[in-house]
Amino acid sequence: MKLKLSLLVLLFTFFQSFSQTERYVQGRVVSNEMAVTSVDIINLNTKASTTSDKNGNFKIAATVFETLIFISEAYYDTKVKITHENVSKNLIVNLNKKPIELDEVKVDDKSQFNIPVGYNDIKMAGIEKAQTTPKVVGVYTGEMVNAMDFVQIGKSIWKLLKGKKKNQVTKEEEIDYEQFIESVFNEEFFVKTLQLKPDQIQLFLDYCLADDKVLEVIGNKNKFEMMNVLISKNEEFKKIK
């Protein structure tokens, strides 16, 4: 009887120490069988994080029933659930590449016969007229020979000042933080990852944007940092609901 009791205590101690030992999951991130480097990997349960190396390999603290999310600017976010079947295997995580977005090009529909006449055109016409018009020596016609072109100088200065003013306006444009968050994270992130109800999303965003530290992170426009801060703020948000 004492022997059986001793064995039970020994087994209990063994399993308890084993459960407390931190376990790691390792694998490789690929896309079309090519290694993907610099992918941010986050354990959504423990907030542990790492990054894939130049060969796409990674190693992160995780165990069964925890979820890993793989984030990259050029690829769609991918989540992997750790199970008894894959916890001890070398995970192969395949990412799908995002389509390349082209800048919008605006083309004005103008008739090819509508030829604009600008100042330079008028100026050249005046020169041609002067060359073909005979001059009478000794008679003053009111023209200034070899005079400075003050009109052209004025136009150049105005363009320079206008360009500087435009640059200043661009630099002073403020970020629409809420719109920027919604452009980076879709509704699925808030509902499935953060476990928020659809009618709670706006309230959660208002709560986050009231924190200056959150605004600073959003201003850096780093998706990895933004996700971390949103996950942390979500934990605070759930405590005060």
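Bear in mind these aren't lab numbers, they're just calculated from the coordinates by the rules spelled out. For clarity, every value in this text was computed on a predicted model and none was experimentally measured. Because the Cβ atoms are built from the backbone with ideal geometry, glycine has one as well, and the counts that use them run over all protein chains shown.
Note on residue 223 and residue 83: their simple-model spin labels are 2.6 nm apart, each label 7 Å out from Cα toward Cβ.
Normalised size of the range 174-241, defined as Cα radius of gyration per 2.2 N^0.38 Å with N residues, equals 1.01. Pairs exceeding 31 Å between alpha-carbon atoms, taken from 59/197; 97/233; 97/239; 89/223: 59/197; 97/239. The phi torsions of the range 57-72, fed into the Karplus equation with coefficients 6.51, -1.76 and 1.60 and a -60° offset, translate into couplings of 7, 8, 8, 9, 5, 6, 9, 4, 6, 8, 10, 9, 10, 10, 10, 8 Hz, rounded to whole numbers, with Gly and Pro shown as x.
The amide H of residue 62, built 1.01 Å from its N in the peptide plane, has 23, 24, 25 as neighbours under 5 Å, considering only residues 5 or more places off or on other chains.
Here each label is just a point 7 Å from Cα along the line to Cβ, and for residue 24 and residue 187 those points are 4.1 nm apart.
At full extension, residue 32 and residue 232 could sit 68.6 nm farther apart than now, given 0.36 nm per residue minus the alpha carbon distance. Between residue 239 and residue 199, the FRET efficiency from the beta-carbon distance, with R0 = 25 Å, is close to 0.85.
Separation of the range 40-88 from the range 210-238 is 20 Å, based on Cα centroids. Taking each residue as 0.36 nm, the span from residue 73 to residue 46 lengthens on full extension beyond its C-alpha to C-alpha distance by 7.4 nm. The convex hull built on the alpha-carbon positions of the range 29-87 has an orientation-averaged projected area of 4.0 nm².
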